[in-house]
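Visitor: If you scroll down you'll find the structure; I have some questions about it.
The values are calculated or read from the model by the stated rules, or taken from the named source; none is laboratory data. Only a predicted model underlies this, so the values are computations on that prediction, with no experimental measurement involved. Every residue, glycine as well, gets a Cβ built from its backbone with ideal geometry; the counts of neighbours run over all protein chains shown. In case anyone asks, the SASA skips ligands and DNA or RNA and just uses the protein heavy atoms, side chains included. Shrake-Rupley method; radii C 1.70, N 1.55, O 1.52, S 1.80 Å.
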Amino acid sequence: MKADISLLDLQNIPRHVAFIMDGNGRWAKNQGQHRLFGHAAGVESVKEVIKTARELGVSFLTMYAFSTENWSRPSEEVEGLMNLLVDAIANEVDEMHANGVRLHTIGDIQGLPGNCYQSLLSAMERTKDNTSLTLILALNYSARQEILKAAVVAHQLIEDGKLSAAELDEQTFSGLLHTKDIPDPELLIRTSGECRISNFLLWQLSYTELLFTDTHWPDFRRDAFIDAIAAFQKRERRFGMVSEQIQTNK
Ligand code: FPP
């Protein structure tokens with residue numbers, strides 16, 4: 001059945017949706033193709049999800065495009081992924097900019113190949129004032145590293161007398177993460193049947209609804225995204241309260 005946008009509650013669209021885009025390799029293998037063929041198809045899903053997010057009014061999308069662990073893949077695949085990223089930026093930045101999409105990254109992008117780093121920097125600079133949607137690419141990203149680095153910075157601030165230990169609350173600590181100024185995701189979608197977080201946004205996902213689907217990322221298109229939002233809207237987010245409190249707060 002085709003997903004129907006009119007069945008969604010447009011007042012309850014998650015502001016921020018995060019994705020663990022899994023299954024490109026398996027999708028390609030199922031068709032007797034090379035893994036990079038799956039990643040290239042995955043880029044088409046990224047484009048369609050961005051388009052659908054704009055249509056629905058989602059303000060932030062975070063996509064786990066390359067983890068620090070992904071460096072251990074065969075060098076041919078790593079190189080292919082980096083080239084895909086550079087090509088995707090070159091091909092899409094004009095349209096993204098015209099559509100008001102702001103590109104942002106989390107992770108250690110300085111550790112990426114030079115051409116990749118430069119193309120990201122220039123696309124981010126070009127789109128920095130756009131306000132319709134923020135696309136956050138997690139690249140060379142590790143949530144544990146992000147938290148550790150924030151802890152080191154917090155320690156330094158306290159040592160330098162710029163922050164007292166008592167002032168170090170959740171909000172201050174959040175401001176030391178790569179995601180400062182970005183609201184936590186309300187919904188995380190992981191494709192391809194694995195039910196893991198895999199070192200992604202460990203701090204930021206504390207209250208996020210987790211949705212795992214068997215669909216491989218290259219098949220995750222507009223309908224799948226709309227279905228996922230519909231599933232999100234059926235969930236009751238209690239934030240540690242009881243159901244009756246949520247009902248009266250509405
Ligand atoms: C996981 O599938 C996918 C990745 C590690 C890379 C995701 C990258 C893209 C979709 C393309 C580049 C991204 C952008 C934003 C231009 P997998 O290879 O782990 O699949 P498998 O588990 O089936 O092997």
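Visitor: For region 162-216, treating each Cα as an identical point scatterer without solvent, what Debye log10 I(q)/I(0) comes out at q = 0.18, 0.28 1/Å?
Guide: Each listed q maps to, in turn, -0.69, -1.13.
Visitor: Report the extension gain between Arg73 and Thr131 in nm, rounded to one decimal, defined as 0.36 nm multiplied by the number of residues separating them, less their alpha carbon distance.
Guide: Length gained, Arg73 through Thr131: 17.3 nm.
Visitor: Sticking with this one: Quick one: net charge of Gly80's neighbours, Cβ under 14 Å, K/R +1, D/E -1?
Guide: Net charge around Gly80: -2.
Visitor: Pop out the ³J(HN,Hα) list for region 218-225 in order, Karplus 6.51 cos²θ - 1.76 cosθ + 1.60 with θ = phi - 60°, rounded to Hz; leave Gly and Pro as x.
Guide: Along region 218-225, the couplings run x, 9, 7, 10, 3, 4, 5, 5 Hz.
Visitor: Just need the relative contact order of the chain here, percent rounded to a whole number, with Cα pairs under 8 Å and 6+ apart.
Guide: Value for the chain: 28 percent.
Visitor: May I pose another question? Under 5 Å between amide hydrogens, which residues at least 5 positions from Thr105 or on another chain qualify, with H placed 1.01 Å from N in the peptide plane?
Guide: Leu137
Visitor: Roughly speaking, what % of Cα-Cα pairs in region 1-146 are separated by over 26 Å, rounded to a whole number?
Guide: It works out to 27 percent of all Cα pairs.
Visitor: If you wrap a convex hull around the alpha carbons of the chain, what volume per residue comes out, as a whole number of Å³?
Guide: 151 Å³
Visitor: On to the next question. Work through the residues other than Leu187 whose Cβ is under 15 Å from its Cβ and net out their charges, Lys, Arg +1 and Asp, Glu -1.
Guide: Taking every Cβ under 15 Å from that of Leu187, the sum is -1.
Visitor: While we're on this one: For region 64-105, list residues with backbone N below 19 Å from a point placed 7 Å from the Cα of Leu10 toward its Cβ?
Guide: none
Visitor: Same structure again: Where only protein heavy atoms count, and the probe is 1.4 Å, what is the accessible area per residue for region 29-76 in Å²? Intermediate results must be reported in sequence, preceding the final value.
Guide: Values: 2500 Å² over 48 residues.
It amounts to 52 Å² per residue over region 29-76.
Visitor: How much of the accessible area of the chain, in percent, comes from carbon and sulfur atoms when a 1.4 Å probe is used?
Guide: 50 percent
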